[in-house]
Amino acid sequence: MKVDVLGTEYKIEIHKFDNDVTLKNNSWAAYCCSDKPLIVIGDLDDDQNFKFHDDKEKDTYFKSCLRHEIVHAFLNESGLKDSAQSPNGPWSKNEEMVDWIAIQFPKILQAFREIKCEE
Ligand SMILES: [Zn+2]
């Protein structure tokens, strides 16, 4: 898969946890690398690292990881990768904020569409 992020094409790949040192060493489920540019999601079929009750739960988690990493990609491509300094590091890399956008975005988009102000 590929996704266009503000004119930059990000490849989206599924990596086995044991074959990706970034996933493995950081115990991450996914990451975004603007240098390549690449979004990696851990192989959710790897039962040693991921446990799901059913395929629906796995699919929901996959999509939430993807949205989270795409938000990182948008912030990076907006020029906020390293220059948004605050005392605790770049605010644009604040995981709570990135997660909030990723989780709330579908609901915000639905609200925009309801009142036809999405563009
Ligand atoms: Zn993140």
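Worth pointing out:
- For the chain, the mean residue ellipticity at 222 nm estimated from helices alone is -13000 deg cm²/dmol, where every DSSP H run of n ≥ 4 contributes -39500 (n - 2.57) and the total is divided by all residues, rounded to the nearest 500.
- FRET E, pair Asp47, Cys117, Förster distance 35 Å, beta-carbon r, rounded to 0.05: 0.20
- For Lys24, the aspartates and glutamates whose Cα falls under 18 Å of its own Cα, not counting residues fewer than eight places away in the same chain, are Glu13, Asp43, Asp45, Asp46, Asp47, Glu69.
- Beta bridges by DSSP in the range 1-75, antiparallel share as percent, to the nearest 5: 60
- Remark: the range 80-95, residue by residue, has Karplus-estimated 3J(HN,Hα) of 9, 4, 10, 9, 8, 6, 8, x, 9, x, x, 4, 6, 10, 5, 4 Hz, where x stands for each Gly or Pro and the curve is 6.51 cos²θ - 1.76 cosθ + 1.60 at θ = phi - 60°.
- Restricting attention to the range 28-119, the count of lysine pairs at 8 or more positions apart or across chains with alpha carbons under 26 Å apart stands at 15.
- For Cys33, distant residues with modelled amide H under 5 Å away: Leu38, Ile39, Val40
- For Val5, nonlocal amide neighbours, meaning residues 5 or more places apart or on other chains whose placed amide H falls under 5 Å from its own, are Tyr10.
- Gyration tensor (alpha-carbon) shape descriptor, the chain, a/c threshold 1.5: oblate
- Karplus-derived HN-Hα couplings along the range 18-23 (A = 6.51, B = -1.76, C = 1.60, θ = phi - 60°), whole Hz, x at Gly and Pro: 6, 9, 10, 5, 5, 4
Every number in this text was worked out from the coordinates using simple rules, so none of it is lab data. These figures come from a predicted structure and were not determined experimentally. For neighbour counting, all protein chains shown are included, and Cβ atoms are generated from backbone atoms with ideal geometry for every residue, glycine included.
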